[in-house]
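The structure appears below as structure tokens.
The values are calculated or read from the model by the stated rules, or taken from the named source; none is laboratory data. Every value quoted in this text rests on a predicted model; they were computed, and no experiment measured them. Note that we place each Cβ from the backbone using ideal geometry, even for glycine, and neighbour counts take in every protein chain shown. When the accessible area is computed, the model is the full protein with side chains, heavy atoms only, and any ligands, DNA or RNA have been set aside. Shrake-Rupley method; radii C 1.70, N 1.55, O 1.52, S 1.80 Å.
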Amino acid sequence: MAASWRLGCDPRLLRYLVGFPGRRSVGLVKGALGWSVSRGANWRWFHSTQWLRGDPIKILMPSLSPTMEEGNIVKWLKKEGEAVSAGDALCEIETDKAVVTLDASDDGILAKIVEEGSKNIRLGSLIGLIVEEGEDWKHVEIPKDVGPPPPVSKPSEPRPSPEPQISIPVKKEHIPGTLRFRLSPAARNILEKHSLDASQGTATGPRGIFTKEDALKLVQLKQTGKITESRPTPAPTATPTAPSPLQATAGPSYPRPVIPPVSTPGQPNAVGTFTEIPASNIRRVIAKRLTESKSTVPHAYATADCDLGAVLKVRQDLVKDDIKVSVNDFIIKAAAVTLKQMPDVNVSWDGEGPKQLPFIDISVAVATDKGLLTPIIKDAAAKGIQEIADSVKALSKKARDGKLLPEEYQGGSFSISNLGMFGIDEFTAVINPPQACILAVGRFRPVLKLTEDEEGNAKLQQRQLITVTMSSDSRVVDDELATRFLKSFKANLENPIRLA
């Protein structure tokens with residue numbers, strides 16, 4: 001017997017089953033599902049799962065970079081009640097690297113969104129809801145499970161066996177009504193030695209710190225008899241306890257403050273206060289990564305001077321042909337060619353050990369208002385000077401506008417940071433893990449050098465020199481390898497014919 005098999009299911013379910021987005025393909029799927037099969041009975045399949053028809057589609061904070069933990073909603077590009085289609089731009093999200101546009105993954109009506117400008121939204125948290133067309137988007141219910149996924153629970157560790165309890169004297173609390181000062185170490189020692197209290201004097205140091213000079217003034221006043229020795233308040237009688245090595249022997253105690261007081265509105269210049277500056281996600285991640293790099297990566301440094309005479313001549317010839325390139329473009333090309341010649345430097349350290357990288361992608365540091373970003377010149381060794389120049393200009397503009405895509409700044413095998421345009425002669429840069437090296441480039445400057453002419457006579461000649469300093473991870477690029485790399489880099493840069 002031939003029986004028809006009909007699917008009376010929601011179009012959204014059809015899209016999930018078949019994988020075709022959009023309404024047009026849904027119609028094709030419906031036609032394709034009108035099959036006749038040989039069965040012993042008639043079957044009609046109606047979906048009864050509530051989320052397929054009634055529950056809204058959740059928009060969650062996505063992970064847009066490997067190091068992203070939180071995101072900020074910069075701007076909503078769609079408003080509540082607007083129709084959206086798969087692929088439409090919904091909002092702009094500030095990650096720890098850049099501002100990225102989030103696209104819709106389905107069709108429907110944007111029902112609910114979090115407030116524009118919301119900050120520090122954890123990954124997986126709810127930021128919006130989409131409902132099917134025709135549903136009442138104004139009265140959609142927000143799901144209860146709107147929080148981020150719970151952290152993975154750590155395995156329970158066995159508790160140590162209880163040790164004998166030793167009673168320790170209770171620390172004397174601060175007496176209300178008395179002044180408390182932030183003391184410098186020298187001032188604390190002087191006050192304790194002479195049994196003086198800081199409240200008997202005046203703090204004159206920055207942010208209200210009681211300095212060594214303030215303590216010496218108190219000592220002078222005590223010697224002249226203008227102030228008396230500070231007597232500690234007798235402690236109330238307590239049950240005798242075992243002596244503790246943490247108990248102070250004599251003299252008043254001045255605890256160190258954890259942080260200075262926060263500035264009070266209306267009193268921006270009050271003594272001992274400061275003004276808090278809000279940090280963006282990018283700034284926080286830069287601070288975290290720089291601290292990790294300097295504290296965990298063994299930095300080694302090597303410096304060399306390069307003669308830019310030949311590069312400047314080639315650059316002038318290109319300008320005549322209306323080809324505009326910068327000295328930094330030649331430096332990028334020279335570094336890429338040198339990495340191709342010396343693949344032992346084109347490595348990274350991922351925590352387990354060194355890894356040889358099959359690609360030569362140069363990360364170029366770009367200064368922006370939000371911090372230093374490093375867009376990547378992909379396969380730089382295979383690109384020409386003009387192609388590198390065009391890529392640097394386009395990526396630099398996107399970085400300053402906050403429009404870099406994740407694939408345009410994630411990865412890289414070697415970094416270059418150039419501060420020559422700011423008049424810096426030379427500097428050292430911090431390695432960007434997991435990369436192993438970064439090249440710091442200063443400005444090119446005229447230098448008189450003693451040379452010999454064809455007849456062997458000494459003469460002074462002006463040269464245009466540039467100083468480069470390479471910071472390398474000693475775990476994978478030792479001093480000898482770094483020295484050979486700079487020697488090859490110098491030869492390639494001073495002979496642009498090698499860069500062809």
Evaluate the range 241-252: report whether one residue or more is among the polar types (S, T, N, Q), surrounded by 11 or more Cβ atoms within 10 Å (Cβ to Cβ) and modelled with pLDDT of 50 or more.
-> no
Every pair of residues 6+ apart whose Cβ atoms lie under 6 Å, when the first sits in the range 120-131 and is of a type in the set (S, T, N, Q) while the second is part of a loop (DSSP other than H, G, I, E, B) | SER125/MET61; SER125/PRO148
Among the residues of the range 288-304, which ones are surrounded by fewer than 14 Cβ atoms within 10 Å (Cβ to Cβ) and in a strand (DSSP E or B)?
-> TYR301, THR303
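Per-residue answers, yes or no, for (1) under 33 Å from the mean Cα position of the chain (by Cα); (2) at pLDDT 95 or above:
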site	(1), (2)
TYR254	no, no
VAL258	yes, no
THR275	yes, no
ILE282	yes, no
ALA287	yes, no
GLU292	yes, no
ASP317	no, no
ASP321	no, no
PHE330	yes, yes
Just checking, which of LYS340, LYS355 is at pLDDT 90 or above, in contact with a Ser or Thr (Cβ under 8 Å, 6 or more places away or on another chain), basic (Lys, Arg) and over 13 Å from GLY384 (Cα atoms)?
-> LYS355
All strands (runs of 3 or more DSSP E) inside the range 388-500 with 1 or more residues being touching a Phe, Trp or Tyr at 6+ places or on another chain (Cβ under 7 Å) and open to solvent by less than 70 Å² (accessible area, probe 1.4 Å) | 437-452, 458-473
Can you tell me which residue within the range 269-287, out of those that are open to solvent by 90 Å² or more (accessible area, probe 1.4 Å) and in contact (Cβ under 8 Å) with a residue 24 or more places away in the chain, is nearest to ILE332 (Cα to Cα)?
-> ARG283
Can you name every residue in the range 367-421 that is touching a Ser or Thr at 6+ places or on another chain (Cβ under 7 Å), basic (Lys, Arg) and free of Cβ contacts under 8 Å to residues at least 40 places away in the same chain?
-> ARG400
From the option list LYS398, LYS383, single residue qualifying as of a type in the set (D, E, K, R) and under 28 Å from the mean Cα position of the chain (by Cα) is LYS398
Could you identify the single residue in LYS333, LYS324, LYS313 that is assigned to a helix (DSSP H, G or I), closer than 21 Å to ASN418 by Cα and open to solvent by 50 Å² or more (accessible area, probe 1.4 Å)?
-> LYS313
Could you run through the range 338-364 and say how many residues are part of a helix (DSSP H, G or I), among the aliphatic types (A, V, I, L, M) and surrounded by fewer than 20 Cβ atoms within 10 Å (Cβ to Cβ)?
-> 0
